[in-house]
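Working notes, beginning with the structure itself.
The values are calculated or read from the model by the stated rules, or taken from the named source; none is laboratory data. Not measured: the values here are computed from a predicted model. Cβ coordinates were reconstructed from backbone atoms using ideal geometry, including for glycine residues, and neighbour counts include every protein chain displayed. These accessible areas exclude ligands, DNA and RNA; they are computed on the full protein's heavy atoms, side chains included. Shrake-Rupley method; radii C 1.70, N 1.55, O 1.52, S 1.80 Å.
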Amino acid sequence: MGALALGIVLIIGYFYQSHHPYRRLELIRSTGYHIYFKAGLSGFVLLSISLSFWSIIDYFDLPSSFIEHLNLKDSIVYIKNGKHWADIKLVAIFALMFIFTLVYIGIRSCFKTDNESLNRVKKIAHELELLLIESTENVSPIRVELDCGKVYVGISEKPNIDRGEVSFIALFPLLSGYVNDEKKIIFNNNYYLHYEKYIHGNEFEEGDSHSSVADFSIVIPIEQIVVASRFSIDAFIQFRNDNDSELIGPPKPSE
């Protein structure tokens with residue numbers, strides 16, 4: 001019986017963690033025994049609340065009054081046996097746990113905001129996720145280099161944080177190119193010039209295969225990214241043109 005009760009506590013605790021709008025962001029990043037500890041702690045807290053609430057109900061003897069008022073004791077054979085009352089109370093406590101879980105999750109979901117979700121993620125996000133979030137918030141470009149040598153520069157769209165850890169990024173491209181054999185970035189596509197030439201408001205000319213700016217968005221798996229960083233086109237051009245630098249300029253002939 002004790003093992004069954006412990007299992008129910010863990011199940012309800014895990015249900016709370018996995019459906020809470022913010023707790024699940026941390027749960028999906030947990031592994032192994034950390035998941036059991038989180039579920040166990042939540043289940044223990046919910047059990048304590050339910051026991052406290054049930055003690056008040058039991059103190060005023062409300063269940064017995066309710067059963068006698070409806071004459072259930074005579075119509076239900078199971079209730080007549082006093083040995084079953086302990087099992088009934090246990091089921092009632094677990095039912096209260098589940099009800100409190102649903103109510104609290106519902107309240108938190110109703111008052112959930114995108115800003116609060118982002119702030120929660122920032123506390124537990126790794127560096128790449130933070131870069132994507134900042135690019136979205138500040139509408140600033142980032143550079144993404146893939147393991148195949150492809151390079152994109154663009155604005156990150158809002159990452160899908162509702163499912164926890166970010167596995168894919170959606171990028172609104174401005175430039176694209178590749179890394180040559182000398183590990184030098186070569187840009188051969190300028191999306192910005194295309195947008196500037198053909199876009200009218202937020203739509204393109206009729207008959208274009210890409211009818212809106214959103215159609216240019218690309219989705220990249222996180223596992224394919226080898227380098228990601230903030231990007232400044234002015235700084236990039238300046239570095240390329242700065243041939244007088246002792247660090248990047250041609251080596252001086254030896255005397």
Legend entry - Exposure rank, largest accessible area first [Ile237, Ile93; 1.4 Å]: Ile237, Ile93
Inset, instruction - Roll a 1.4 Å probe over the protein heavy atoms and report the accessible area of Tyr36 in Å², nearest 10. - result: 140 Å²
Legend entry - Packing-based order for 24-30, 122-128, using average beta carbon neighbours within 10 Å, highest first: 24-30, 122-128
Inset, instruction - For Lys158, tell me the accessible area in Å² from a 1.4 Å probe, rounded to the nearest 10. - result: 110 Å²
Inset, instruction - Rank by packing, highest mean first: peptides 44-54, 169-179, with packing defined as the count of other Cβ atoms within 10 Å averaged across residues. - result: 169-179, 44-54
Inset, instruction - Considering only protein heavy atoms, with the full assembly of protein chains and a 1.4 angstrom probe, order Asp58, Asp234 by accessible area, largest first. - result: Asp234, Asp58
Inset, instruction - For Phe98 paired with Ile237, estimate the spin-label separation in nm (one decimal), with each label point 7 Å from Cα along the Cα-to-Cβ line. - result: 6.5 nm
Inset, instruction - Figure the gain on full extension for Ile185 and Ser18 (residue separation times 0.36 nm, minus the Cα-Cα span) and round it to one decimal in nm. - result: 55.9 nm
Legend entry - For His19, solvent-accessible area (1.4 Å; no DNA, RNA or ligand), Å²: 90 Å²
Inset, instruction - Please arrange Val103, Val166 by accessible surface area, largest first, computed with a 1.4 Å probe and ligands excluded. - result: Val103, Val166
